[in-house]
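Read-outs: derived from the displayed coordinates by stated rules, not from any lab. Because the structure is a prediction, the values reported are computed rather than measured. All Cβ positions, glycine included, derive from the backbone under ideal geometry; neighbour counts span all protein chains shown.
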Amino acid sequence: MSVLVFADNSEGKFKKNAFEVTSYGKKVAEMTQTNLVVLTINADNVSELANYGAEKILKVSNDQLKDFNAKAYADVVKQAAEKEGADIVIIDSSSNGSYFAPLVAVNLEAGYASNAVELPSSISPFVIKRKAFSSKAFNNTEIKTSNKVIGLSKNSFGLVENSVNTNEEDFTPTLSDDDFNVTFKSVEKATGKVSIADADIVVSGGRGLKSGENWGIIEELADVLGAATACSKPVSDLGWRPHSEHVGQTGKPVSSNLYIAIGISGAIQHLAGVNSSKVKVVINTDPEAPFFKAADYGIVGDAFDVVPRLTEKLKEFKANQ
Amino acid sequence: MKILVCISHVPDTTSKINFKDDNSKFDSTGVQYVINPHDEFVLTRAMWFKEKQGASLTVVNVGDASSEPTLRKALAIGADDAIRVNAEPTDGFYVAKQLAEVIKNGGYDLVLAGRESLDYNGGMVPGMIASLIDYNFVNACIGIDVEENQVTATREIDGGKEVVSTELPLIIGGQKGLVEDKDLRIPNMRGIMMARKKPLQVVEPIDTNTTTASISFDKPEPRSACKMVDSDNLDELISLLHNEAKVI
Ligand SMILES: Cc1cc2nc3c(=O)[nH]c(=O)nc-3n(C[C@H](O)[C@H](O)[C@H](O)COP(=O)(O)OP(=O)(O)OC[C@H]3O[C@@H](n4cnc5c(N)ncnc54)[C@H](O)[C@@H]3O)c2cc1C
Ligand SMILES: Nc1ncnc2c1ncn2[C@@H]1O[C@H](COP(=O)(O)O)[C@@H](O)[C@H]1O
């Protein structure tokens, strides 16, 4: 038995997700008294994983897998799990992870718990806490099958340093043409911008900003903080901002360390998608805005006055760091 | 083209979420149920296929009789017929197995599901179906065009979007972007009248296992009151974020 973690990378480089699932996998391996095996596909340098407890690393190098492909990746994970006798497979909740994890579950005849937020609360029976009702509640789910797939919710466990000696091994999966029936054609990435999924800090604007032309103050604040920008649903429906920035129950979920909501009232559907951010700051002219009830820090004030001043102050603060 | 749209029946997004029986069950008292919002987007996209490319459009739900009004609403929006698999949707795998059976029996070319249900947020049913019956699969789908058998689809990725090409038979996990909010259709009187006469077939579930079980629910910890900072004292906010919250 062992625990298999899939550590994803982007153009060969690991992101925080990869270290988080590895840290988590290490703890699960300790709880179940087994070993941790980390699987990588076309990663440049796997040695960083050793800082988070990766005792054994399986390295797949294969040009066919250069672009993410859910079916092929699921096939690789299945073969790795079988080779290692892994009965617990851990995958992150990125757009790729949540795409192919259900396929892995079917391949391995495993029960799948997505959006897990904690270590299993018990091993036998195997019970794990996961987000439900768009973070308005949590569900304790038992996985009843002998194989198990866990989708770890981003930023719910964090990084745990745990230096170990690793043993690296090349792994060559067998792929079939069938794995590539969905083929990559092109990608469009917002360059030079932090994505909401990867950001530690998200600065978000609502209808209180009155028009898309006023987004400069949001972007400048985000720039100083190295944050991603986001918006409420009406803002994207009105075309002030692209749909990819819409966060909330029907948009992207946010689980950053810090979420700054500017001119957003705090409707239940908005909160549902951003509630799992650790710290929330609200800037709103209306002291009765519902968002204050869900926030950690609040400022009653006009965004057009407060935000530029806050940006200036943060610049000074950063310069003195 | 034969299209199947998978509809999950979920509490309205404004619902207060409560539990009963010692937090072991969801308390549906006073809860309004709706078509899962992601499924509303895929249903509208399916209507375009029906109107512009002459597709047939069936909707399906795995659920008990209480989800029939949701299926009737989908019929009122324009689906041709509906199927209800008469079973409690206890676990994602179980639901996927039931839907896979419906798809096999109906020979659908294109299956449109939502990215996730807004109740249990599983995000697993479409992918599991794809794997069970070996259909091509695109998740977080925000654009799809079909010509003959050829499909071009766009999916959302972290920080951008990606275009892929594939073929029917296909299943997608779709979301807003397939169509926009303003395109969503509200059933009109004529649609509602017609929906009453459209076929809604109830089929019994196949015998299959579940892989997970819901044990209990927790509510998030009540948070401590929001600390208010004077708008003339932004240094205090920065200090709190740095020293107390340790997030900057
Ligand atoms: C099915 C469904 C799904 C939904 N999903 C989502 C979702 O995923 N995400 C989402 O965001 N919404 C969603 N909504 C919409 C949601 O109900 C709210 O309508 C929306 O979140 C409100 O956006 P807002 O806060 O930007 O605008 P408003 O509610 O109009 O709030 C604007 C706020 O700005 C403040 N303000 C005004 N001027 C200033 C100023 N100068 N400086 C500072 N503050 C100012 C006001 O006091 C007010 O609080 C959904 C709704 C439905 C029905
Ligand atoms: N009980 C159900 N009946 C029909 N379709 C469902 C059901 N549950 C989930 N689905 C479909 O699968 C999608 C993803 O759901 P889930 O995997 O539960 O998050 C939904 O948006 C629906 O399209």
- Message: I'd like to compare B:5-14, B:233-242: which one has the highest average count of other Cβ atoms within 10 Å, and what's the full order after that?
- Response: B:5-14, B:233-242
- Rounded to the nearest whole Å³, what is the per residue volume of the convex hull around the Cα atoms of the range A:20-83? 94
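What full-extension length gain, to one decimal in nm, is calculated for B:Thr90 and B:Lys104 as 0.36 nm per residue of separation minus the Cα-Cα distance? Mind dumping the intermediate values first?
Values: separation 14, 0.36 × 14 = 5.04 nm, distance 2.14 nm.
Extra length from B:Thr90 to B:Lys104 when fully extended: 2.9 nm.
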- Task: Mind giving me the nanometre distance, one decimal, between the label points for A:Ala190 and B:Glu148, set 7 Å out from Cα along Cα→Cβ?
- Result: 3.9
- Please give the calculated 222 nm ellipticity per residue for chain A, where each DSSP H segment of at least 4 residues contributes -39500 (n - 2.57) and the sum is spread over every residue; nearest 500 deg cm²/dmol? -8000 deg cm²/dmol
- Message: Need the C-alpha centroid separation for the range A:137-169 versus the range B:134-195, integer Å.
- Response: 32
- Query: What share of the DSSP beta bridges in chain A is antiparallel, in percent to the nearest 5?
  - Reply: 20
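Inside 10 Å of the C-beta atoms of B:234-240, what's the mean count of C-beta atoms belonging to other chains?
5
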- So what does the Cα-only Debye profile of chain A read at q = 0.10, 0.13, 0.14 Å⁻¹, as log10 I(q)/I(0), no solvent term? -0.63, -0.98, -1.08
- Task: For A:Asp67 and A:Asn320, calculate 0.36 nm times their separation in residues minus their Cα-Cα distance, and state this gained length in nm to one decimal.
- Result: 86.9 nm
- Label-reachable residues, the range A:4-36, where backbone N falls under 19 Å from a point 7 Å from B:Lys246's Cα toward its Cβ: A:20, A:23-24
- P(r) histogram, all alpha-carbon pairs of the range A:168-267 included - 5 Å bins from 0, percent: 3, 12, 20, 20, 14, 7, 7, 7, 6, 5, 2, 0
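Just check the range A:70-193 against the gyration tensor rule for me: Cα atoms, a ≥ b ≥ c as the square roots of the eigenvalues, rounded for a/c under 1.5, and otherwise prolate or oblate depending on whether a/b exceeds b/c.
rounded
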- Reciprocal mean inverse distance between Cα atoms of chain B - Kirkwood radius, Å: 19.9
- Message: What is the sum of charges, Lys and Arg at +1 and Asp and Glu at -1, for the other residues whose Cβ falls under 9 Å from the Cβ of B:His38?
- Response: -1
- Using the per-residue mean of other Cβ atoms lying within 10 Å as a proxy for protection, in what order, highest first, do the peptides B:200-213, B:143-156, A:98-111, A:174-187 fall? A:98-111, B:143-156, B:200-213, A:174-187
- Task: Please report, in debye to the nearest 20, how large the charge dipole of the range A:73-158 is about its Cα centre when each Lys and Arg carries +1 at its beta carbon and each Asp and Glu carries -1 there.
- Result: 360
- Task: Determine by what factor the alpha-carbon radius of gyration of the range A:196-321 differs from 2.2 N^0.38 Å, reporting the quotient.
- Result: 0.95
- Select from A:Ala113, A:Val5, A:Asn17 the residue farthest towards the positive end of the dipole of chain A; place +1 on Cβ of Lys and Arg, -1 on Cβ of Asp and Glu, and compute about the Cα centre. A:Ala113
- Query: Which of the peptides A:65-71, B:57-63 is most tightly packed, and how do the rest follow, going by the mean number of other Cβ atoms within 10 Å of each residue?
  - Reply: B:57-63, A:65-71
- Dipole of chain A, Cα-centred, from +1 at each Lys and Arg C-beta and -1 at each Asp and Glu C-beta, to the nearest 20 debye? 860
- Task: Give the whole-number value, in cubic angstrom per residue, of the convex hull volume spanned by the C-alpha atoms of the range B:6-124.
- Result: 105
- B:Ala225-A:Lys144 FRET efficiency (beta carbon distance; Förster radius 35 Å; 0.05 resolution): 0.25
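Counting only other chains, and only Cβ atoms inside 10 Å, what mean value do you get across the residues of A:292-299?
Taking the mean over all residues of the peptide, I get 6.
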- Dipole magnitude (debye, nearest 20) for the protein assembly as shown, charges at Cβ of Lys, Arg, Asp, Glu: 1220
- Item | With Cα atoms, 0 to 90° folded angle of helix A:16-31 axis to chain A main axis | 50
- Message: My understanding is that a pair violates if its Cα-Cα distance is over 20 Å; which of A:Lys131/B:Lys219; A:Lys233/B:Lys182; A:Lys26/A:Lys278; A:Lys318/B:Lys246; A:Lys13/B:Lys176; A:Lys15/A:Lys189 do that in this structure?
- Response: A:Lys26/A:Lys278; A:Lys13/B:Lys176
- Query: Counting partner chain Cβ atoms within 10 Å of every residue's Cβ in B:112-124, what's the average?
  - Reply: 6
- Task: For every other residue with a beta carbon closer than 15 angstrom to the beta carbon of B:Val203, add +1 if it is Lys or Arg and -1 if Asp or Glu, then tell me the sum.
- Result: -4
- Descending Cα extents along the principal axes, the protein assembly as shown, whole Å: 67, 64, 50
